[in-house]
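Notes follow once the structure below has been shown.
The values are calculated or read from the model by the stated rules, or taken from the named source; none is laboratory data. Treat the numbers as computed from the prediction; the structure is a model and nothing was measured. Positions of Cβ are backbone-derived with ideal geometry, glycine not excepted, and every protein chain shown enters the neighbour counts.
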Amino acid sequence: MDYQSWSDYLFQAQRKAIAVEPITDFEKNLSVDDGYKIQELLMDYRCNEGEKIIGAKAGLTSIAKQKAMGVNEPVYGIITDKMMLVSGEKVELDKFIHPRVEPEIVFILGKDLSGHNLTVEEILDATESVCCGLEIIDSRYLDFRFTLADVVADNTSASAFILGNPMPLTNLELDLTGCLLEINNEVVATATGAAVLGHPARAVALLAAWLHTQGKSLKKGWAVLSGGLTNAFPLEPNNYVRGSFAHLGSVSIKV
Ligand code: 0L1
Ligand code: MG
């Protein structure tokens, strides 16, 4: 399989904001491992264009999202400086294909982290601060139609994210942290941190294990998106989207 040309295929789709057919329409046997090889080359392309890796993301970490996508395992991707937006910022829809937004708990690491079976305590010990966040996902595939292998190749639909103010971990129980997602001041979904694998730090542990198998690690200073607590909602013209979290504050965007 020509991994390089599939990564170019997805790179061009993202750059031009034009949806394309899933790779599995052409490569019936595309595996999740193939998807990760394509993702790695895709991120090389983006870094060669000047983007800087500043973190990682876990996707499909909640039952709500796994059910919505008909899968039963998380996926992992990479985030860059170019994907970061500022809270309150106006989002231009024409930069995206069919964006959706979801609320997330984000870990800012104070140490490098790598290894299998890291515990929640080990993750929290390596965490400098946490913040609330919104992730904008934007599959490069037509109608969000893809297999797990396709979406992995597409860097798990990573497109943009917005971070709230960093908060110290002291006295925070992230599994009990409640979250409201509002669109145009109407609550469209609610959840607690436990929606992500029982505790969002478990998503960070899975990311550390994924990188460990490649001889890599989560890096000190990185932002780690632990996955949508609720389903993702389409971003429409004139939307005002706000994610509000107990003890973590809120984060918003305007369309
Ligand atoms: O961040 C996510 O959970 C997205 C994972 C990929 C699936 C999708 O595009 O919804
Ligand atoms: Mg996400």
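Miscellaneous remarks
- Remark: pairs (first residue in segment 39-56, buried (at least 21 other Cβ atoms within 10 Å of the Cβ); second residue modelled with pLDDT of 95 or more and outside any helix (DSSP H, G or I); Cβ separation under 6 Å; 6+ apart in sequence or on different chains) = G55/I79; G55/W222; G55/A223; G55/V224; A56/I78; A56/V224.
- Residue satisfying condition, being within 14 Å of ligand 2 (Cβ to nearest atom), of a type in the set (A, V, I, L, M, F, W, C), surrounded by fewer than 23 Cβ atoms within 10 Å (Cβ to Cβ) and over 15 Å from the mean Cα position of the chain (by Cα), within set A191, A160, A209: A191
- Those residues of segment 187-241 which are out of contact with any Leu (no Cβ under 8 Å at 6 or more places or on another chain), over 23 Å from T127 (Cα atoms) and outside any loop (DSSP other than H, G, I, E, B), in sequence order: P234, Y240
- For segment 212-255, taking the residues that are farther than 18 Å from M167 by Cβ, within 12 Å of ligand 2 (Cβ to nearest atom) and surrounded by 20 or more Cβ atoms within 10 Å (Cβ to Cβ), the one that is farthest from the chain's Cα centre (by Cα) is identified as T230.
Residues checked against (1) modelled with pLDDT under 95; (2) away from ligand 1 (no atom under 16 Å from the Cβ); (3) under 15 Å from the mean Cα position of the chain (by Cα):
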residue	(1), (2), (3)
A19	no, no, no
G35	no, no, no
Q66	yes, no, yes
E73	yes, no, yes
D81	no, yes, yes
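- The one condition in (1) of a type in the set (A, V, I, L, M, F, W, C); (2) modelled with pLDDT of 95 or more; (3) more than 19 Å from the chain's Cα centre (by Cα) that M1 fails to fulfil: (2)
Quick grid of which residues meet (1) at pLDDT 95 or above; (2) under 29 Å from V187 (Cα atoms); (3) within 10 Å of ligand 1 (Cβ to nearest atom):
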site: M84; (1), (2), (3): yes, yes, no
site: P103; (1), (2), (3): yes, yes, no
site: L109; (1), (2), (3): yes, no, no
site: D112; (1), (2), (3): yes, no, no
site: N117; (1), (2), (3): no, no, no
site: L134; (1), (2), (3): yes, yes, no
site: D138; (1), (2), (3): yes, yes, yes
site: F144; (1), (2), (3): no, yes, yes
site: S159; (1), (2), (3): yes, yes, yes
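- Of the residues making up segment 98-154, just one is surrounded by fewer than 24 Cβ atoms within 10 Å (Cβ to Cβ), within 16 Å of ligand 2 (Cβ to nearest atom) and of a type in the set (K, R), namely R100.
- Residue that is modelled with the lowest pLDDT, among those in segment 168-183 that are out of contact with any His (no Cβ under 7 Å at 6 or more places or on another chain), surrounded by fewer than 23 Cβ atoms within 10 Å (Cβ to Cβ) and aliphatic (A, V, I, L, M): L169
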